[in-house]
């Protein structure tokens, strides 16, 4: 309902943005930033890194919301995404 109502109600649009954009990016940015600070990952721009991590996951979740029968496909793709993300940002010892 929130997805639909965000286009009719400015306050609900703010709730939607906070719930699905601001809060996840803030939290994941904090976690990824710690991994960068501790030397586990390497990144020049943690906010961009966070967006690169989160956006595909959010997209796959929304696909599963609309088409639950695609869950296994989405899980396989999400695993590939996470493995590639790790390769992209891993620290080379």
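Below, the figures for the structure above:
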| read-out | value |
| --- | --- |
| Degrees, to the nearest 10: 46-66 long Cα axis against longest axis of the chain | 40 |
| Computed FRET value (nearest 0.05) for residue 35 with residue 1, which takes r as the C-beta separation and R₀ as 25 Å | 0.10 |
| Angle between the chain longest axis and helix 71-89 axis [Cα atoms, degrees, rounded to 10] | 40 |
| Value of relative contact order over region 2-89, rounded to a whole percent, pairs C-alpha under 8 Å and six or more apart | 20 |
| For the chain, diffusion coefficient by Stokes-Einstein and Kirkwood Rh (Cα), 4 °C, 1.567 mPa s, µm²/s | 87 |
| Between 0 and 90°, nearest 10: helix 23-37 axis offset from the chain longest Cα axis | 0 |
| Sorted by Cβ neighbour density within 10 Å, fewest at the top, the residues 4, 77 | 4, 77 |
| Residue 92-residue 21 FRET efficiency (beta carbon distance; Förster radius 30 Å; 0.05 resolution) | 0.40 |
| Neighbour-count order for 7, 53, 85, fewest beta carbons within 10 angstrom listed first | 7, 85, 53 |
| Cβ-based exposure ranking for 60, 34, in which fewest neighbours within 10 Å come first | 34, 60 |
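Values quoted throughout were computed directly from the atomic coordinates according to the rules given, and no laboratory measurement underlies them. All of these numbers come straight from a predicted model, not from anything done at the bench. Cβ: placed from backbone, ideal geometry, glycine included. Neighbour counts: every protein chain shown.
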